[in-house]
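What follows is a short report on a single structure.
The values are calculated or read from the model by the stated rules, or taken from the named source; none is laboratory data. These numbers come from a predicted model, not from an experiment. Every residue, glycine among them, receives a Cβ derived from its backbone with ideal geometry; neighbour counts consider all protein chains shown. Note: areas computed on protein heavy atoms with side chains; ligands, DNA, RNA excluded. Shrake-Rupley method; radii C 1.70, N 1.55, O 1.52, S 1.80 Å.
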Amino acid sequence: MLTILGILIIIVGIFTLLAKPIFKNHRLFDWFTQRRSFQIILVGIVMSVLTGTFFYAEPGTAYAVQYPWGGQKAVFRQGIHTKMWGRLIPLQFELPIKYVIPNAKGELGEQSEYANVDVAKYWAFSDAVKARIATSVVISINTEDDAQFLSVADRNKTEQNLIRSRIIPNIDQSIKNTCKLMDAQDYISGQASDFDRYFKDQLENGMYVLEEYLTNERKEVIGDSATVRTVVNKQRKQKRYRIKMQQGTAVREEGNSLKSYGLTVVQAVVTEIDWEETFDNRLQLQKEEVAQTQLEKQQAEREFYRAQKEKARGEAEKAAERARLEKEQIQKTIAAETEAKVAEFNLVKEKKQFEVEKFKAQSKKVAADAEAYQNAKLVNAGLTPQERAEWDYKMAVGVARELKELNLPEIFIEGGDAKSGDANLLQSLIGADLARKMMENDNK
């Protein structure tokens with residue numbers, strides 16, 4: 001700009017210098033003296049020289065300076081630098097490129113002045129559904145390798161040419177390949193992140209080589225966790241695409257990569273998708289069906305859990321009744337076992353008592369036998385005259401007392417010898433009565 005202004009100033013100075021002799025009587029040229037005309041020409045030359053020798057590097061912009069004698073250099077720092085009337089090729093450090101879906105008025109909305117903005121294009125997915133895909137891509141140039149940067153600048157000449165001839169064709173090819181890898185239904189069913197991943201990977205590392213294959217149309221499975229029903233339609237062959245793999249690595253097209261230009265993909269995402277109207281209608285119907293299915297599923301699950309609740313309640317009552325009966329059974333069993341134990345204990349007690357009484361009786365018998373044996377020994381051994389007199393005395397007293405109390409019959413008949421009969425009869429009567437008295441005394 002300053003160079004053009006300097007040239008204009010030089011032209012004005014030369015014009016006033018040449019027109020002064022011609023229009024010397026004109027009042028307009030009274031101020032333009034020859035000296036002032038030379039000063040104007042000098043100012044124009046200085047401005048032209050300065051602007052051709054130096055330039056100001058704006059921040060965030062790299063410059064390739066190509067000198068008239070064939071040399072060139074790369075400038076990555078902002079400030080004033082020399083160019084020596086050379087050519088400048090400015091490139092932004094990061095190149096924003098956006099595909100935008102117009103609004104109802106056909107406007108693209110407010111965009112940055114540094115971004116390259118285009119209208120989003122329609123692309124066909126694997127199931128032939130078309131959609132307008134809005135993307136936001138940011139490409140970074142290589143500011144570390146001067147030679148590579150200068151090569152890219154020299155081959156593309158301008159920033160716009162780099163974007164239009166190199167970057168945008170790669171973006172379009174990446175979107176096209178990625179759309180072939182999935183159905184529209186797959187995209188809305190959770191593969192949107194895969195779309196972004198494939199898209200960015202191809203931009204940065206090269207386009208995938210795709211191969212065709214045939215697949216059977218998947219059966220539709222509907223139902224809930226309790227019941228699953230399969231709707232079987234007539235199977236159809238569908239042509240699909242997949243990434244060609246070789247030794248576990250994706251095969252890519254050679255020489256078709258932004259990396260070969262020293263460009264790095266900083267961002268590559270899909271910001272919006274505008275589906276064609278037919279798919280929108282189908283999607284709306286599908287949403288309504290899904291909502292209805294979810295509602296029915298919730299109702300079925302509610303009934304299922306209600307039945308489970310009743311079943312659980314019945315099981316709980318059954319368990320409580322079983323616990324009650326088991327408790328009663330245990331109580332009765334314990335009582336019976338206790339009774340048996342008590343009876344067994346009583347039996348053992350009676351046996352022990354019997355043995356004790358038996359041993360007591362045996363002890364008394366042994367004691368009585370010992371006493372009888374002792375008395376017999378005493379009798380057999382004989383008594384002393386004094387003991388014999390004492391025994392006879394006691395016998396006589398006893399016999400007398402018994403005779404006094406004895407009630408003999410008033411009449412009796414006796415046969416045999418009269419002498420011996422008197423003695424025997426009296427002894428028999430006295431002995432019987434004494435024996436009776438002694439037994440009564442013993443019983444008392």
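Quick check: is even one residue across segment 119-130 among the polar types (S, T, N, Q) and at pLDDT 90 or above? Outline the logic, then answer.
Taking segment 119-130 as the starting set, the residues that turn out to be among the polar types (S, T, N, Q) are 126.
If we keep only those that are at pLDDT 90 or above too, we end up with none.
Within segment 119-130, none of the residues are among the polar types (S, T, N, Q) and at pLDDT 90 or above.
Could you check residue 125 against (1) among the hydrophobic types (A, V, I, L, M, F, W, C); (2) closer than 30 Å to residue 239 by Cβ; (3) over 43 Å from the mean Cα position of the chain (by Cα) and say which number it fails?
Result: residue 125 fails condition (3) only.
Within segment 198-207, is even one residue outside any helix (DSSP H, G or I) and of a type outside the set (Val, Ile, Thr)?
Yes.
Of the numbered conditions (1) farther than 23 Å from residue 153 by Cβ; (2) open to solvent by 70 Å² or more (accessible area, probe 1.4 Å); (3) more than 31 Å from the chain's Cα centre (by Cα), residue 259 satisfies every one except a single condition; which is it?
(1)
To keep it simple, each residue is scored yes or no on (1) of a type in the set (A, V, I, L, M); (2) modelled with pLDDT under 70; (3) assigned to a loop (DSSP other than H, G, I, E, B); (4) open to solvent by 90 Å² or more (accessible area, probe 1.4 Å).
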| position | (1), (2), (3), (4) |
| --- | --- |
| 3 | no, yes, no, no |
| 9 | yes, no, no, no |
| 14 | yes, no, no, no |
| 17 | yes, yes, no, no |
| 40 | yes, no, no, no |
| 62 | yes, no, no, no |
| 65 | yes, no, no, no |
| 74 | yes, no, no, no |
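Take the conditions modelled with pLDDT of 85 or more, in a strand (DSSP E or B) and open to solvent by less than 30 Å² (accessible area, probe 1.4 Å) and apply them to residue 265. Does it pass? Talk me through it step by step, then tell me what you get.
Working: modelled with pLDDT of 85 or more: yes; in a strand (DSSP E or B): yes; open to solvent by less than 30 Å² (accessible area, probe 1.4 Å): yes.
So residue 265 fits the description; yes.
Output yes when any residue across segment 159-171 is closer than 22 Å to residue 244 by Cβ and under 37 Å from the mean Cα position of the chain (by Cα), and no when none is. Explain how you work it out, then say what you get.
Step one: list which residues in segment 159-171 are closer than 22 Å to residue 244 by Cβ, which gives 169-171.
Adding the requirement that they be under 37 Å from the mean Cα position of the chain (by Cα) leaves none.
Within segment 159-171 (the criterion being closer than 22 Å to residue 244 by Cβ and under 37 Å from the mean Cα position of the chain (by Cα)), the answer is no, since none of the residues qualifies.
Quick one: residue 138 ticks every box in (1) without any contact (Cβ under 8 Å) to a residue 40 or more places away in the chain; (2) open to solvent by less than 30 Å² (accessible area, probe 1.4 Å) bar one, so which box is it?
(1)
Go through (1) in contact with a helix residue (DSSP H, G or I) (Cβ under 7 Å, 6 or more places away or on another chain); (2) over 26 Å from residue 201 (Cβ atoms) for residue 116 and report which single condition fails.
Residue 116 satisfies every listed condition except (2).
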